[in-house]
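To start, the structure under review is shown below, and the notes come after it.
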Amino acid sequence: MSQLKKDERKRVDLGKYSFDNGEQPGIKDLRQLSEEDRRQLTMAGMDISETQRSGSYLHVNHSKVHCKATQKGVEVLDIKEALDKYDGLPEYYWQAVDKDKDEFTRAAAEKIHGGYFIRTSKGAKIKHPVQSCLFIKGDNVGQNVHNIIIVEEDSELQVITGCTTSSNVVSALHLGISEFYIKKGGSLTFTMVHNWGREVMVRPRTVCIVEEDGVFVNNYIMMMPVSSLQSYPAVFLNGRGATGRFHSILVAPEGSHIDSGNKIVLNAPDTRGEIIARTITTGGTIIAPALIEGNAVPAKGHLECKGLILSKGIIHAIPELKGTVSGVELSHEAAVGKIAQQEIEYLMARGLDEEQATSTIVRGFMNVDIMGLPPELKASIDKTIEETEKDMF
Amino acid sequence: MLTIEDLYVKVGGKEILKGINLHIDEGENYILFGPNGSGKTSLLMTLMGFDGYDVVQGRIIFKGEDITHMSPFERARLGIGMSFQRPPTIQGLKTRDMVRLCAGGKEVDVDQLAQEVNFTGLLERDINAGFSGGEIKRSELLQLMAQRPSLVLFDEPESGVDLENMSLIGRITRSILDGPLEPRNGVSMKELKSRHQISGLIITHTGYILDYINADRGTVLYEGVLCCVARPRDILEHISKYGYKECVRCLS
Ligand SMILES: Nc1ncnc2c1ncn2[C@@H]1O[C@H](COP(=O)(O)OP(=O)(O)O)[C@@H](O)[C@H]1O
Ligand SMILES: [Mg+2]
């Protein structure tokens, strides 16, 4: 029965963390950061030179330290400034996520440290991604951020966001509220890399609302250790022809407890939803719920949950489908297993040693390629994979 | 090139190979016949060194080295290559990348090779994912072309292949075993000659492959024992006339 106990989610004690006095001085250029911090940011997908980016936002502990937009058609602000500038953003602020959902949303509503506000102009196709990083330094820091992205009609935006801690952080708590709004014909590709630490607790709350013909693609990569993460981002496809896709890659080393799911609600005709989750444990616990709900026709949803237990650990895949009208087409595929010996031998017969064979299979399983990431982000992900592989085999 | 001495192999606790002796010269193509269940595939798997094929007696010598207890990757690096009959699908591993892996560190023009086996359209597919019988064969050949082994183990190159594919597969098999039919630009005579030193151990039921390759000797495996050595065409003729039972009696 000890196994069951391991499966229990670790409880967050909000009183343990400091939510005050963590304001940091601003910087003009990301290159002013220390070498160590730059390395952490790079690993989390930040382009320090900012040349391949349309804007940047960096938040450290309790405040914004860097924020700018470099391309016409996209606005990047600290959320506090945006709330001042736009009279509290009544159409968007706490409109997608329920303020009273749980103790974490309430804590985030009580005191806000920052977060990004990103908005495109109508019809603007933003070539390079906007990048953001939410960074924690020091001990027992509690970080509350609130992010809002608005993709206006017929515009296209990519956002890369990395969450990370400096290497000496012993214990921290990150609460992140994210509300995304995709207007008619808009498209958002949102890629998030989480590189937390062994003693970091994470409770993000994310909701995305998509209007007619809008597209939301969410890539999520979480391969480094974390103490406990619980999240369940949801997308509501409210307009005809809207599309939503979640693709996550989760790795749980010993000591990590990851409860990371996705929800897609098909609320209009001709909507499509897809959830792909690839999970790997090397000793930690992964709970991977996924739900597609079809409330309109015609509508299609497919979810695919695949897990690999490399040596030990727990993977609990929970695929759920809910149809509330006749004619919805929902399907799922789920599997939890180990690497097939036959696949390893096949590669060994081609000259790969056992370790090379295993890592080739694991990389194929994770299938980062289909996310279509920008090359330098792909390179940093590959580096992270290399680092985590050292502990895998 | 390859010498098998008094080889006994157990699979799943059962003795499958019972005292195999076989010698294959450099550049020689050797044909292996035998009814279903006689142990042909087990012999190839043992030569490749896979788990579950336990050598209980005897030795395998390759290029003068005792490889009896080597791991498959060491054998592959020494120059043994195998074409699989039912290779597994590896999700997320594109055929293109697989071919590159087969080349080891060697320079390889994947697109050029793919063109030769009419595989260009499939390079971006996950290896073996939904491949038809003919596609599996062509993909296996493509991988061997990149790997360039000096001993090639073919398990029934013609099984599950239609006639149209058969001639392509026959030609490519030959070019892997004998080097290309005509000298090509950029291939030195020395390389051509070294390709002539490639040996093959080929399992066939139908003998179709004999129309394409030069095979000097053949043998019949029957209930884990090699029964005779003769010209492959003669063996084939006997089998088709009298069946394996008679053939074994007649030829031995
Ligand atoms: N993994 C296995 N476990 C037990 N018996 C096996 C296994 N693989 C093959 N065999 C048995 O070994 C014998 C030889 O099989 P195989 O080498 O596949 O023959 P062939 O290729 O000549 O048809 C058969 O009787 C088969 O049932
Ligand atoms: Mg066989």
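The residues of the stretch B:46-61 that are hydrophobic (A, V, I, L, M, F, W, C) and within 14 Å of chain A (Cβ to nearest Cβ), listed by number, are B:Leu47, B:Met48, B:Phe50. Screening the candidates B:Glu158, B:Glu135, B:Glu164 for the property of being closer than 18 Å to B:Tyr212 by Cβ and either touching a His at 6+ places or on another chain (Cβ under 7 Å) or surrounded by 15 or more Cβ atoms within 10 Å (Cβ to Cβ) (or both) yields one hit, B:Glu158.
I'd like to check something: does the stretch A:135-156 contain any residue that is assigned to a strand (DSSP E or B) and of a type in the set (D, E, K, R)? Yes; the residues of the stretch A:135-156 include at least one that is assigned to a strand (DSSP E or B) and of a type in the set (D, E, K, R).
A single entry from A:Asp98, A:Asp84 fulfils the requirement of being closer than 21 Å to A:Phe236 by Cβ and free of Cβ contacts under 8 Å to residues at least 12 places away in the same chain: A:Asp98.
Within the stretch B:75-121, the set of residues being β-branched (Val, Ile, Thr) and within 12 Å of chain A (Cβ to nearest Cβ) comprises B:Ile80, B:Thr89, B:Ile90, B:Thr95, B:Val99. Test A:Glu389 against the criterion of being in a helix (DSSP H, G or I) and at pLDDT 85 or above, and give yes or no. Against the criterion (in a helix (DSSP H, G or I) and at pLDDT 85 or above), A:Glu389 does not qualify. Set side by side, the residues B:Leu32, B:Leu43, B:Leu22 differ, and just one is away from ligand 2 (no atom under 14 Å from the Cβ) and either surrounded by 16 or more Cβ atoms within 10 Å (Cβ to Cβ) or within 14 Å of chain A (Cβ to nearest Cβ) (or both), which is B:Leu22. All conditions but one from (1) in a strand (DSSP E or B); (2) farther than 21 Å from B:Gln197 by Cα; (3) more than 15 Å from ligand 2 (Cβ to nearest atom) apply to B:Ala114; the one that does not is (1). Annotation for the stretch B:74-90: at least one member residue is among the charged types (D, E, K, R) and at pLDDT below 95. Of the residues making up the stretch A:6-25, at least one is assigned to a helix (DSSP H, G or I) and more than 22 Å from A:Asn144 (Cα to Cα). When residues in the stretch A:347-373 are screened for being free of Cβ contacts under 8 Å to residues at least 40 places away in the same chain and either more than 23 Å from B:Asn128 (Cα to Cα) or facing chain B (nearest Cβ under 9 Å) (or both), 15 of them pass. From the list A:Ser326, A:Ser331, A:Ser380, the one residue that fits, being in contact (Cβ under 8 Å) with a residue 24 or more places away in the chain, touching a strand residue (DSSP E or B) at 6+ places or on another chain (Cβ under 6 Å) and not assigned by TED's automatic domain parsing to the domain that holds A:Leu41, is A:Ser331. Out of A:Ile315, A:Ile344, one residue alone is outside any loop (DSSP other than H, G, I, E, B) and either within 11 Å of chain B (Cβ to nearest Cβ) or in contact with a Phe, Trp or Tyr (Cβ under 9 Å, 6 or more places away or on another chain) (or both). It is A:Ile344.
With respect to the conditions (1) modelled with pLDDT of 90 or more; (2) out of contact with any Ser or Thr (no Cβ under 9 Å at 6 or more places or on another chain); (3) surrounded by fewer than 19 Cβ atoms within 10 Å (Cβ to Cβ), A:Thr70 falls short on a single one, namely (2). Among the residues that make up the stretch A:325-335, is at least one of them within 12 Å of chain B (Cβ to nearest Cβ) and in contact with a helix residue (DSSP H, G or I) (Cβ under 7 Å, 6 or more places away or on another chain)? No, the conditions are met nowhere in the stretch A:325-335. Do the conditions hold for A:Gly88, that is, is it within 21 Å of the chain's Cα centre (by Cα), at positive phi and modelled with pLDDT of 95 or more? Spelling it out, it is not the case that A:Gly88 is within 21 Å of the chain's Cα centre (by Cα), at positive phi and modelled with pLDDT of 95 or more. Cβ-Cβ distances below 8 Å connect the following pairs, each with a first residue in the stretch B:124-146 that is within 13 Å of chain A (Cβ to nearest Cβ) and under 21 Å from A:Gly351 (Cα atoms), a second residue that is among the small types (Gly, Ala, Ser) and part of a loop (DSSP other than H, G, I, E, B), and a separation of six or more residues or different chains: B:Asp126/B:Gly92; B:Ile136/B:Gly160; B:Ala146/B:Ala103. For the stretch B:38-108, the helices (runs of 4 or more DSSP H) that sit wholly inside it and include 1 or more residues that are among the basic types (Lys, Arg) and within 16 Å of ligand 1 (Cβ to nearest atom) are B:40-48.
Consider the stretch B:1-37 and keep the residues that are among the β-branched types (Val, Ile, Thr) and within 14 Å of ligand 1 (Cβ to nearest atom). The one that is farthest from B:Arg231 (Cα to Cα) is B:Val11.
If you go through the stretch B:46-67 and pick out every residue that is surrounded by 17 or more Cβ atoms within 10 Å (Cβ to Cβ), free of Cβ contacts under 8 Å to residues at least 40 places away in the same chain and more than 16 Å from ligand 2 (Cβ to nearest atom), you end up with 2.
The values are calculated or read from the model by the stated rules, or taken from the named source; none is laboratory data. Note that the structure is predicted; figures quoted are calculated from it, not measured. Here Cβ is always computed from backbone atoms with ideal geometry, including for glycine, and neighbour counts include all displayed protein chains.
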